[in-house]
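The structure appears right after this line, and notes come after that.
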Amino acid sequence: MFRLKSAFYNQGRRLYSSTSYGHLSARKQSFIAQSGIYPVGFRASGVAALIKKNKNKDVALVVSDLPCAGAAVFTTNKFQAAPVLVSKETLAQNDDGLYAVVTNSGCANAVTGAQGIVDAKKMRTVVDELVKHPLSALTMSTGVIGQNLPMDKIESGIRDAFAKLSAEHEGGWMSAAEAFMTTDTFPKLRSGEFDLQGAKFRMAGIAKGAGMIHPNMATLLGFMVTDAYVKPDLLQKALKYAVDRSFNSISIDGDMSTNDTISVLANGGSDVRIESEGADYEAFRDRLTAFAADLAQLVVRDGEGATKFVTLHIKGAETFESAKKAASHISTSMLVKSALYGQDANWGRICASLGHSGVDVDPSLVSVTFVPSDGSERLKLMVKGEPEQVDEARASEILKMEDLNIEVDLGLGQSETKFWTCDLSHEYVSINADYRS
């Protein structure tokens with residue numbers, strides 16, 4: 001389905017060229033959706049408006065034929081980008097009559113002053129005109145900070161994208177996913193169909209992100225849509241729960257963007273309706289959480305310069321919050337991440353990071369284990385504060401695997417969490433040293 005063409009290079013990283021991904025490893029290619037089952041009433045598209053120097057797709061539009069309930073979580077960075085501020089305003093005035101999400105890549109429209117707000121509102125206004133409803137769209141932008149949007153290209157791109165909307169995988173959803181990409185090497189698109197209330201509903205989602213990724217709300221850009229109907233307050237509650245256990249549980253480099261936004265639209269195109277809390281709400285919430293986690297993990301798998309996908313499983317914590325805090329701290333340790341890149345079983349760095357994470361820890365109760373992704377025997381590194389006689393050859397075998405699971409048991413309680421991160425390579429420095437070049 002994806003033909004090999006000449007590839008573009010950017011910021012020291014080999015990027016996509018149109019729909020060519022043949023230069024990627026077979027494993028990375030396996031994460032690219034080949035087909036999909038998409039929510040009723042939604043259409044998508046992605047076009048090249050020539051915002052990016054490499055002329056790749058850079059304007060994405062997803063539109064519903066029906067009014068949608070909407071919810072979102074946004075960056076807590078003090079330098080909040082104009083599209084973040086405008087989307088907050090949109091949701092405050094209209095959380096049950098949205099029709100679209102419009103996104104551009106190549107320019108973040110962040111730290112752009114009053115003009116940035118004008119431009120973000122203009123993106124929304126253009127969509128309003130096309131769908132014939134006011135306050136119809138959430139806006140998202142990604143790319144270089146401190147530059148104004150080329151609004152002539154943006155407006156033309158939105159109109160072009162609207163004319164090309166499609167409910168199909170190719171030309172519709174996949175094109176939209178490609179238009180989200182900046183330093184990403186592959187589009188991050190997921191969809192599925194699920195059972196609830198004796199009926200079926202569908203979800204689809206797109207995310208982007210490869211660097212400047214660390215949780216403190218939701219990290220990067222992403223959105224999900226569903227043809228279930230969920231009341232706006234319940235949708236917001238479900239999204240917050242899901243984000244805490246997905247996009248808020250990933251880290252690549254410990255940095256948080258000015259533009260981070262995760263949103264969800266629910267248009268009621270199916271027979272599934274969630275209008276009160278209870279078993280059905282919890283079932284929907286948990287499905288949304290699992291779906292968001294799948295998307296979030298794709299971001300880590302495409303981490304800038306990453307060679308390893310690491311699942312950090314914190315067990316035996318007193319609370320979910322303390323488990324999360326410990327996981328977040330370990331995942332951002334440059335020493336831990338460097339050791340993983342070097343395939344060095346220097347597990348003492350994990351303990352050292354845990355010890356200054358701010359979480360109450362009893363060193364005599366802590367256990368650390370490498371869990372191979374191929375299902376082979378686990379390698380215990382420390383058991384209840386006592387170091388094991390580590391088989392270095394076995395440790396080296398495990399660390400050569402692309403996927404690695406690290407289990408840290410605090411021995412204090414019953415709470416746990418999973419957190420996804422990656423290693424730190426030479427390529428990460430090269431990519432970000434040359435980002436604007």
What are the ³J(HN,Hα) values, in whole Hz, obtained from phi via the Karplus relation 6.51 cos²θ - 1.76 cosθ + 1.60 with θ = phi - 60°, for each residue of the stretch 268-278 in sequence order, with x given for Gly and Pro? x, x, 9, 8, 8, 10, 10, 10, 7, 6, x
Rounded if a/c is under 1.5, else prolate if a/b is larger than b/c, else oblate: which is the chain, with a ≥ b ≥ c the root eigenvalues of its Cα gyration tensor? prolate
Using DSSP to define loop residues, name the chymotrypsin sites (Phe, Trp or Tyr not before Pro) in the stretch 36-98 whose beta-carbon has at most 16 other beta-carbon atoms within 10 Å. F79
Label-point separation, H356 to A290 (7 Å along Cα→Cβ), nm: 4.0 nm
If each K or R counts +1 and each D or E counts -1, the residues other than D95 whose Cβ falls under 10 Å of its Cβ total -1
E386-Q29 FRET efficiency (beta carbon distance; Förster radius 45 Å; 0.05 resolution): 0.55
In terms of modelled amide H atoms, which long-range or inter-chain residues lie less than 5 Å from the amide H of G106? T142, G143, V144
If you stretched the chain out fully between L85 and S156, how much longer would it get, using 0.36 nm times the residue separation minus the C-alpha to C-alpha distance? 23.3 nm
So which aspartates and glutamates pass the test for K384, namely a Cα distance under 18 Å, with those fewer than 8 places away in the same chain ruled out? E318, D360, D362, E407, D409, E416
Cα gyration tensor shape for the stretch 309-433, rounded if a/c is under 1.5, else prolate or oblate: oblate
What is the list of residues in the stretch 143-170 whose amide nitrogen lies under 18 Å from a point 7 angstrom out from the Cα of E193, following Cα to Cβ? 167-170
Hey, what do the phi angles of the stretch 179-189 turn into as Karplus ³J(HN,Hα) couplings, whole Hz, using 6.51/-1.76/1.60 and θ = phi - 60°, x for Gly and Pro? 6, 6, 6, 10, 8, 4, 9, 8, x, 10, 10
Which of the helices in the chain meet the span-like rule: DSSP H, Cα axial reach of 30 Å or more, Kyte-Doolittle mean at least 0.0? 279-301
At what distance in angstrom do the alpha carbon centres of the stretch 185-204 and the stretch 92-132 lie from each other? 26 Å
Tell me which residues come under 5 Å, amide H to amide H, from E388 once H is placed; ignore anything under 5 positions away on its chain. M382, V383
What FRET efficiency do you get for D374 and K200 if R0 is 25 Å and r is their Cβ-Cβ distance, rounded to the nearest 0.05? 0.10
Mind checking which of L399, L196, L221 has the largest fluctuation in a GNM of the chain, springs on alpha carbons under 10 Å? L196
If amide H atoms are built 1.01 Å from N in the plane of the peptide, which residues on other chains or at least 5 residues away come under 5 Å of the amide H of S136? D128
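Read the figures in this text as sums done on the coordinates, not as results from a lab. Model, not experiment: these values are computed from the prediction. Don't worry about glycine lacking a Cβ; one is built from the backbone with ideal geometry, like all the others, and counts go over all protein chains shown.
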